[in-house]
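Notes follow the structure.
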Amino acid sequence: METCLLLGSSLSAAELEKCKHFSTRSYNAFTTPIKVSPLTGANALDIAQIGVDQALLTLNATLLTDAYRNARAELKIMDTVRADGIRADGAFGMSLIQDLYTSV
């Protein structure tokens, strides 16, 4: 998406549509009913950033608001044991990964 933002108005209509297609496909992870795993921590923030980028590229204030809402929902310190999300020291915790390491 950053490339699309940098190219901006020099994109052809077809190229702009491809940029929107790829970013929409990624951002829809917030709204799709089928989830492989919870969308938390760095994954949620990365996908929210894709939404912000798309909103800036397409001048979509509604999408920008939604992307910031999704990012803010994840920006909280999660220091409880086995919590998914951002730790006080800036690390990202994900209980699925912890299960893989501690179940041996």
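None of the figures in this text is laboratory data; all of them are computed from the coordinates on show. As the structure is a computational prediction, the values presented were derived from the model and not from experiment. Reconstructed Cβ throughout: ideal geometry from the backbone, glycine too, with neighbour counts over all protein chains shown.
Descriptive notes on the structure:
- Whole-percent pair-distance distribution, where bins are 5 Å wide, for the alpha carbons of region 2-76: 3, 17, 26, 24, 16, 9, 4, 1
- When peptides 55-64, 75-84, 5-14 are sorted by average Cβ neighbour count within 10 Å, with the highest value leading, the order is 55-64, 75-84, 5-14.
- Check: region 15-90 dipole with +1 on Lys, Arg Cβ and -1 on Asp, Glu Cβ, in debye: 180 debye
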